[in-house]
Amino acid sequence: MPATRPVVAVLCEKADDRPPGLQNLDVDFRFCAADGLGSALRGARALLLWDYFSGALRAAWPAASDLEWIHITAAGVDTLLFDELRNSEVVVTNARGVFDRPLAEYVLGAVILHAKDSRTSFELQRRRQWRHRETRSITGATALVVGTGGIGREIAKLLRAAGLIVRGAGRRAVAQDPDFGEIICSAELSAAVGWCDYLILAAPLTDETRGLVDAEVLAAMKPDAHLVNIARGPMVDEDALLQALAQNQIGGATLDVFDTEPLPPEHPLWDLPNVTITAHMSADVTGWREGLAAQFAANARRWLAGEPMHNVVDKQLGYVPGVGGR
């Protein structure tokens, strides 16, 4: 009898939102939405989390007794990990690398938009008002990037190429680093942020980074400094940030992530003139779905062949060791 092909469950947000280009893999796929995940997991050896924000796996975990491998199509795995999974033998891989350049481009765009006072220009254009004024150069501006993994390093490289002076903040201090020059310990962030014009959050959400940017850090920032958050909303004390922005304690913020998503229409952040809000889209450039599917397919072939897989997450740390995540 021919060998039975392994079953791979695929969790999709909607039934018709399926990954492209997986037809040639030697597996049997079971596509499902959250309410069908338990059934899809029975007998499945692998799980592709195409709906990477879903928390459905925790409830369906009792059905995952045959599971060997989970791939999440995000760099951050904070929405996935729970104690039973952490303590299991199931291998978790992520989408490290796919989002690095798009995120770096978003950050550079946020820096330029702030330096050139583009929000004011947009409003003046809407009012049909001609108002000449001076704006800032980004050459020589200072940026502190929190998160020294692949995403943070791509941001640092692009900002340096644009003329900014860059430092990093990570779990450990490093005196000399090829991409950041100097890396300070993120636990000492409040003592370091007074140096930077731009504070950029690009670290994975872990117990160590949750609430990292609190009232103390915000109070230590320059009064014209700009915060850019492409990491996760809970890295920032949102109430403290709201107060700092409303009182012009800092110059402004570009926010792509929030405690609650979608950001509720009544949230006061919408009304602040010094805030730019985007809908958790900083990494989502044209073709990103195809890139994610191709990355999974390459890892699936390694899994089928019994070869070591790429982007294996340390489930205790919450990211791929040595490279961090979104």
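Coordinate-derived values only; no laboratory data. All figures in this text were calculated on a predicted structure; none of them were measured in a lab. Cβ atoms come from the backbone with ideal geometry, glycine included; neighbour counts cover every protein chain shown.
The table that follows gives values for the structure above.
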{"quantity": "The stretch 192-270: GluC sites (Glu not before Pro) in DSSP coil with no more than 11 other Cβ atoms inside 10 Å", "calculated": "E266"}
{"quantity": "Whole-Hz ³J(HN,Hα) from phi, Karplus 6.51 cos²θ - 1.76 cosθ + 1.60, for the stretch 274-284, glycine and proline x", "calculated": "9, 10, 10, 10, 10, 8, 6, 10, 5, 9, 8"}
{"quantity": "Whole-number D in µm²/s for the stretch 100-277 (Stokes-Einstein; Kirkwood sum over Cα pairs; 37 °C, 0.692 mPa s)", "calculated": "200"}
{"quantity": "Hydrodynamic radius by Kirkwood, which averages 1/r over all alpha carbon pairs of the stretch 5-76, in angstrom", "calculated": "12.1"}
{"quantity": "For the chain: relative contact order, % (alpha-carbon pairs under 8 angstrom, 6 or more apart)", "calculated": "17"}
{"quantity": "Residue-by-residue Karplus 3J(HN,Hα) for the stretch 228-233, coefficients 6.51, -1.76, 1.60, Hz, glycine and proline x", "calculated": "10, 10, 10, 8, 9, x"}
{"quantity": "Extension gain (nm, one decimal) between D314 and T142, 0.36 nm per residue minus Cα-Cα", "calculated": "58.7 nm"}
{"quantity": "Peptide ranges 150-161, 20-31 listed from the most packed, as the mean C-beta count within 10 angstrom indicates", "calculated": "150-161, 20-31"}
{"quantity": "Simple label model, 7 Å out from Cα along Cβ direction - E208 to A34, nm", "calculated": "3.1"}
{"quantity": "Partners for K315 among lysines (Cα-Cα distance below 30 Å; same-chain residues under 8 apart left out)", "calculated": "K14, K157"}
{"quantity": "Theoretical gain in end-to-end length, R302 to R128 [0.36 nm per residue, Cα-Cα removed]", "calculated": "56.8 nm"}
{"quantity": "Sites matching GluC sites (Glu not before Pro) across the stretch 104-150 that sit in DSSP coil, with at most 10 neighbouring C-beta atoms within 10 Å", "calculated": "E134"}
{"quantity": "From phi via Karplus (6.51, -1.76, 1.60), per-residue ³J(HN,Hα) for the stretch 207-220 in Hz, x at Gly/Pro", "calculated": "4, 6, 9, 5, x, 4, 8, 10, 4, 5, 5, 4, 5, 8"}
{"quantity": "For the chain, built as a Gaussian network whose Cα springs stay under 10 Å, the top-fluctuating residue of P204, P265, P62", "calculated": "P265"}
{"quantity": "A246/R5 FRET efficiency (R0 45 Å; Cβ-Cβ; nearest 0.05)", "calculated": "0.20"}
{"quantity": "Cα-based Rg of the chain normalised by 2.2 N^0.38 Å, two decimals", "calculated": "1.08"}
{"quantity": "For the stretch 100-277: relative contact order, % (alpha-carbon pairs under 8 angstrom, 6 or more apart)", "calculated": "16"}
{"quantity": "Cleavage-rule hits (trypsin sites (Lys or Arg not before Pro)) in the stretch 97-129: DSSP loop, at most 13 neighbouring Cβ within 10 angstrom", "calculated": "R128"}
{"quantity": "Net +/- balance of residues flanking D83 in space, Cβ distance below 12 Å, scoring K and R +1, D and E -1", "calculated": "+2"}
{"quantity": "Choice from L242, L227, L49 with maximal GNM fluctuation in the chain (Cα, 10 Å cutoff)", "calculated": "L242"}
{"quantity": "Gaussian network model of the chain, Cα within-10 Å springs - most flexible of A203, A294, A110", "calculated": "A294"}
{"quantity": "Spatially proximal aspartates and glutamates relative to K116 (Cα-Cα < 15 Å; intrachain offsets below 8 disregarded)", "calculated": "E134, D197, D224"}
{"quantity": "Amide H contacts of G76 (H built 1.01 Å from N, under 5 Å, at least 5 apart or other chain)", "calculated": "R326"}
{"quantity": "Euclidean distance between Cα centres, the stretch 44-112 to the stretch 235-275, Å", "calculated": "27"}
